[in-house]
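Novice: Structure in structure tokens, see below.
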Amino acid sequence: MTYPIEAAPLWRPNPATVGDTRMAQFMQATGYGRYAELWQWSVDKPEEFWPQVWRFCAAVGERGETVLEDGGKMPGARWFPQARLNYAENLLRHADDGEALVFWGEDKVKRRMSRSELRREVARFQRFLIDAGVGEGDRVAGYLPNLPETLAAMLATTALGAIWSSASPDFGVQGVLDRFGQIAPKVLVCVDGYWYNGKAVDCLVKNAEVVAQMPSLVKTVVVPYLSNAPEIGAIANAVAWPALPEADAATMPVFKRVAFDHPLFIMYSSGTTGVPKCIVHCHGGVLLQHLKEHVLHSDVRPGDRLFYFTTCGWMMWNWLVSGLAAGATLLLYDGSPFAAGGKVLFDYAEAERMTHFGTSAKFIDAAAKQGLTPARSHDLGALRAMFSTGSPLSPEGFDWVYREVKEDLPLASISGGTDIVSCFVLGNPVLPVYRGEIQCRGLGMAVEVFDEDGRPLRGEKGELVCTRPFPVMPVGFWNDADGSKYRAAYFERFDNIWCHGDFSELTAHDGMIIYGRSDATLNPGGVRIGTAEIYRQVEQLPEVLESLVIGQDWPPGRNDDVRVVLFVKLAEGAVLDATLIERIKQQVRANTTPRHVPAKVVQVTDIPRTKSGKIVELAVRNVVHERPVKNVEALANPEALEGFRRRPELAD
């Protein structure tokens with residue numbers, strides 16, 4: 001099924017103010033009057049476009065004369081080979097002493113930090129790293145919530161030319177070892193515990209177990225959060241953050257300028273199909289891409305107040321903190337998004353005059369199910385943009401935002417991933433918002449949709465690809481000396497083409513619809529169906545809180561056809577009886593095609609998901625077919641998988 005073309009947009013930019021946006025100013029500076037023309041130039045002439053981004057966004061560093069070497073190779077292209085720069089220097093470059101960040105730990109902890117205070121914390125931790133022998137290329141790992149100290153530790157690390165990697169403290173011991181154990185960090189930064197939904201979760205025992213099994217560690221730093229003076233004696237070679245050397249107000253961090261492609265972050269694939277891949281991103285690529293996305297696509301300006309609900313195990317944390325380079329104040333949050341009666345994020349938006357509100361599609365769905373009406377309950381007058389990612393935002397999710405959050409607001413559904421620590425398709429303040437569509441392809445990103453034979457499609461579903469190199473491509477995978485794992489991950493499907501693994505459609509508006517992951521698409525009778533098409537219909541029913549759909553090999557023992565099986569988590573008091581099953585099937589049949597209608601509807605108590613909130617269709621499919629699920633440590637709630645095992649409903 002293809003969503004119908006909407007005749008009228010949900011939102012249009014105000015003609016009186018659109019010229020004030022940074023995107024409009026960039027278009028004027030480059031001489032392009034239409035976004036489609038600007039995008040085409042950006043992908044056809046990357047040697048002209050990316051230096052213009054560098055200049056317009058005032059990136060700090062020596063650019064060099066050469067922009068691109070081996071531009072026809074993917075992988076293999078090399079950007080700005082003569083450049084010298086430092087990511088952290090660009091984030092800390094603003095000389096004013098305005099607020100660098102505000103932090104809320106649910107409704108338990110609130111803190112503020114000025115730019116000078118942040119620089120001082122960075123200098124403190126950097127002095128500690130130098131004393132511990134950390135230098136260029138060494139790894140520092142953060143096993144941390146989204147705290148101010150997390151940001152300071154990352155900046156201190158990357159300022160030295162060392163490499164930062166992080167995971168959130170809800171990961172179990174094995175999940176952390178599966179990640180950090182591969183990269184052999186010299187220093188670990190962890191926390192005594194954290195708050196979740198009003199409850200304190202202690203981490204000291206886990207920290208001690210992790211440290212004991214990572215022989216590469218020289219030092220461990222424990223950040224106090226639950227307690228002012230946590231007991232850290234059981235953690236080898238540990239020091240508490242407050243005991244770090246002090247730095248006076250005049251002390252500045254040292255910034256080591258490195259090559260454009262010098263490693264900056266090591267990030268991890270979801271790990272639900274095996275040990276996570278260690279994806280290496282570089283200083284220059286991350287900086288330029290994030291500046292482009294914040295300044296141009298998101299219209300983040302100096303003094304704006306930028307928020308994204310994220311943990312440090314999700315790439316949106318890395319995306320969020322780069323907002324410092326655009327001059328924004330970061331609004332950091334840690335804990336449950338529905339703490340304090342379910343309205344804590346909108347309380348935060350009102351109290352801190354939030355200008356940019358980022359969250360997940362699942363949060364929007366859940367807020368709608370809970371009946372939240374923030375436009376009536378909160379003053380959101382400062383809010384200028386809203387972002388959604390993590391999974392496809394349904395058309396009904398768009399409706400809820402414009403009905404219950406704010407009418408005059410660009411809603412940017414965005415999509416990319418950890419693989420590029422940024423977006424392929426995203427928002428745009430100079431373009432209209434159409435219901436159910438991502439607004440546009442990102443500047444400099446030669447995104448297309450291909451059919452099975454590598455031919456471009458429009459108005460039809462296919463594979464999301466990028467046909468030309470871009471600066472934020474990974475420099476490689478850690479411990480992949482010959483690059484074979486890297487090439488296999490993205491370049492085996494189409495030669496010299498990045499194949500991202502999203503089942504997508506390029507629309508008549510030049511926008512994009514994402515129907516789900518390609519490896520999770522359903523193929524009943526050989527017809528490809530995106531999982532998001534079914535979720536959209538089923539989750540409109542008030543009885544259904546969440547759902548997950550797979551293709552079950554049918555008949556058993558054969559793998560040439562599947563039947564559609566839908567699992568549903570119901571609202572309290574709802575019962576999956578024959579009447580509700582028929583309503584679910586009718587809802588799908590009436591709004592899609594007969595192929596989409598599930599052959600079986602099965603109730604479960606929970607839906608398994610990754611730490612970043614993405615549901616895991618492939619893991620469930622393996623459980624249903626009694627195949628092993630690799631690396632369950634990647635899941636936030638691995639116990640939920642047991643609800644799918646040997647279900648009698650699926651035996652006939």
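Novice: For the residue pair Lys73 and Ala200, what label-to-label distance in nm results when each label sits 7 Å from Cα along the Cα-to-beta-carbon direction?
Specialist: For Lys73 paired with Ala200, the spin-label model returns 5.6 nm.
Novice: Using helices alone, I'd like the mean residue ellipticity at 222 nm for the chain: each DSSP H run of four-plus residues gives -39500 (n - 2.57), total over residue count, nearest 500.
Specialist: Taking each H run of at least 4 residues, the total per residue is -7000 deg cm²/dmol.
Novice: At 1.4 Å probe radius, can you tell me the per residue accessible area of region 416-542 in Å²?
Specialist: On the way: 4100 Å² over 127 residues.
Solvent-accessible surface per residue comes out at 32 Å².
Novice: Averaging over all projection directions, find the projected area of the Cα convex hull of region 396-542 and quote it in nm² with one decimal place.
Specialist: Across all orientations, region 396-542 yields a mean hull projection of 10.9 nm².
Novice: Tell me the Rg and the Dmax, in Å, that the Cα atoms of region 187-249 produce.
Specialist: Considering region 187-249 through its Cα atoms, Rg and Dmax are 12.4, 38 Å.
Novice: What percentages make up the Cα-Cα pair-distance distribution of region 6-70 when the bins are 10 Å wide from 0?
Specialist: Going out from 0 Å in 10 Å bins, region 6-70 shows 17, 41, 29, 10, 3 percent.
Novice: Okay, next question. So what's region 129-253 giving for Cα Rg divided by 2.2 N^0.38 Å, two decimals?
Specialist: Numbers: Rg = 13.8 Å, N = 125, 2.2 N^0.38 = 13.8 Å.
Output field value: 1.00.
Novice: Report the relative contact order of region 330-385, percent, no decimals, based on alpha-carbon pairs under 8 angstrom and at least 6 residues apart. Let's see the in-between values first.
Specialist: Details: 34 pairs, mean separation 24.1, N = 56.
Result for region 330-385 is 43 percent.
Novice: Which percent, to the nearest 5, of DSSP beta bridges fully inside the chain are antiparallel?
Specialist: On the way: 57 of 98 bridges.
Of all bridge pairs located within the chain, approximately 60 percent are antiparallel.
Novice: So, one more: What is the distance in Å between the Cα centres of region 210-242 and region 49-110?
Specialist: For region 210-242 versus region 49-110, the Cα centre distance is 32 Å.
Novice: When 1/r is averaged over all different Cα pairs and the result inverted, which Kirkwood radius in Å belongs to region 401-478?
Specialist: 14.4
Novice: A further question follows. Per residue, how big is the convex hull around the C-alpha atoms of region 213-297? Give it to me in cubic angstrom, could you?
Specialist: Spelled out: Cα convex hull of region 213-297, divided by residues, is 235 Å³.
Novice: Please report the antiparallel percentage of the DSSP beta bridges confined to region 151-240, to the nearest 5.
Specialist: Details: 4 of 12 bridges.
Among the beta bridges of region 151-240, antiparallel pairing accounts for roughly 35 percent.
Novice: Oh, and also: For region 282-346, what % of the accessible area comes from carbon and sulfur atoms, probe 1.4 Å?
Specialist: On the way: 480 of 870 Å².
Reported share for carbon and sulfur atoms: 54 percent.
Novice: Expressed as a whole percentage, what fraction of the accessible surface of region 145-211 belongs to carbon and sulfur atoms when a 1.4 Å probe is rolled over the protein heavy atoms?
Specialist: Working: 850 of 1550 Å².
It is 55 percent, rounded to a whole number.
Novice: With viscosity set to 1.002 mPa s and temperature to 20 °C, compute the Stokes-Einstein D of region 582-652, Rh being the Kirkwood radius across alpha carbon pairs; µm²/s, no decimals.
Specialist: Rounded, D is 158 µm²/s.
Novice: Let me ask something additional. Can you tell me which of 501-514, 316-329 comes out highest on packing, and rank the rest after it, using the mean Cβ neighbours within 10 Å?
Specialist: So the peptides 501-514, 316-329, ranked by packing, come out 316-329, 501-514.
Novice: Mind checking which of Gly511, Trp41, Leu324 is farthest towards the positive end of the chain's charge dipole, using Cβ charges of +1 (Lys, Arg) and -1 (Asp, Glu) about the Cα centre?
Specialist: Checking the options against the dipole of the chain, the answer is Leu324.
Novice: Direction-averaged shadow area of the convex hull around the Cα atoms of region 1-117, nm²?
Specialist: If you wrap the Cα atoms of region 1-117 in a convex hull and average its projections, you get 13.9 nm².
Novice: Using Cα-Cα distances under 8 Å and only pairs 6 or more residues apart, what relative contact order does region 194-292 have, in percent?
Specialist: In percent, rounded to a whole number, it is 17.
Novice: May I pose another question? Measuring from centroid to centroid over Cα atoms, what is the spacing of region 504-545 and region 354-396 in Å?
Specialist: 21
Novice: How high is the relative contact order of the chain, in percent, counting Cα pairs under 8 Å that sit 6 or more residues apart?
Specialist: Value for the chain: 13 percent.
Novice: Charges at C-beta only: +1 for Lys and Arg, -1 for Asp and Glu. How large is the resulting dipole of region 201-287 about its Cα centre, in Debye rounded to 20?
Specialist: Using only the charged Cβ atoms, the result is roughly 340 debye.
Novice: Roll a 1.4 Å probe over the protein chains and send me the accessible area per residue for region 273-392 in Å².
Specialist: That works out to 23 Å² for each residue.
Novice: Would you work out what percent of the accessible area of region 466-521, with all protein chains in place, is carbon or sulfur (probe 1.4 Å)?
Specialist: Whole-percent figure for carbon plus sulfur exposure: 45.
Novice: Quick one: what does P(r) look like for the chain with 20 Å bins over all Cα pairs, in whole %?
Specialist: 19, 55, 25, 1
Novice: Separate question: Provide the per residue accessible area, probe 1.4 Å, for region 85-155, rounded to a whole number of square angstrom. Numbers along the way, then the final one.
Specialist: Numbers: 2070 Å² over 71 residues.
Ligands and nucleic acids excluded, the result is 29 Å² per residue.
Novice: Taking the DSSP beta bridges in region 230-342 as the whole, what percent of them are antiparallel, to the nearest 5? Spell out each step's value before the answer.
Specialist: Working: 5 of 8 bridges.
Close to 60 percent.
Novice: Moving on to the next point. How many Å³ per residue does the convex hull of the Cα positions in region 494-652 occupy?
Specialist: Convex hull volume per residue, Cα atoms: 155 Å³.
Novice: Work out from phi, with θ = phi - 60° and the Karplus expression 6.51 cos²θ - 1.76 cosθ + 1.60, the ³J(HN,Hα) of each residue of region 442-448, listed in order in whole Hz, and give x for Gly and Pro.
Specialist: So the J values, rounded to whole Hz, are x, 4, x, 10, 7, 7, 9.
Novice: Sticking with this structure for a sec: Let me spell out the model: positive unit charges on the Cβ of Lys and Arg, negative unit charges on the Cβ of Asp and Glu, origin at the Cα centre of the chain. What dipole size does that give, in debye rounded to 20?
Specialist: 220
Novice: Mind pulling the per residue volume of the convex hull built on the Cα atoms of region 234-387? Å³ is fine.
Specialist: 205
Novice: A 31 angstrom limit on the alpha carbon distance is what I want to check against. Which of Lys485/Lys600; Lys369/Lys485; Lys110/Lys206 exceed it?
Specialist: Going by Cα-Cα distance, Lys485/Lys600; Lys369/Lys485 fall outside the 31 Å limit.
Novice: In addition: Go through 275-283, 94-102 and give me the packing order, highest mean Cβ count within 10 Å leading.
Specialist: 275-283, 94-102
The values are calculated or read from the model by the stated rules, or taken from the named source; none is laboratory data. Owing to the predicted nature of the structure, the values given are computational and were not obtained by experimental measurement. Here Cβ is always computed from backbone atoms with ideal geometry, including for glycine, and neighbour counts include all displayed protein chains. Ligands, DNA and RNA are excluded from the accessible area calculation, which covers all protein heavy atoms including side chains. Shrake-Rupley method; radii C 1.70, N 1.55, O 1.52, S 1.80 Å.
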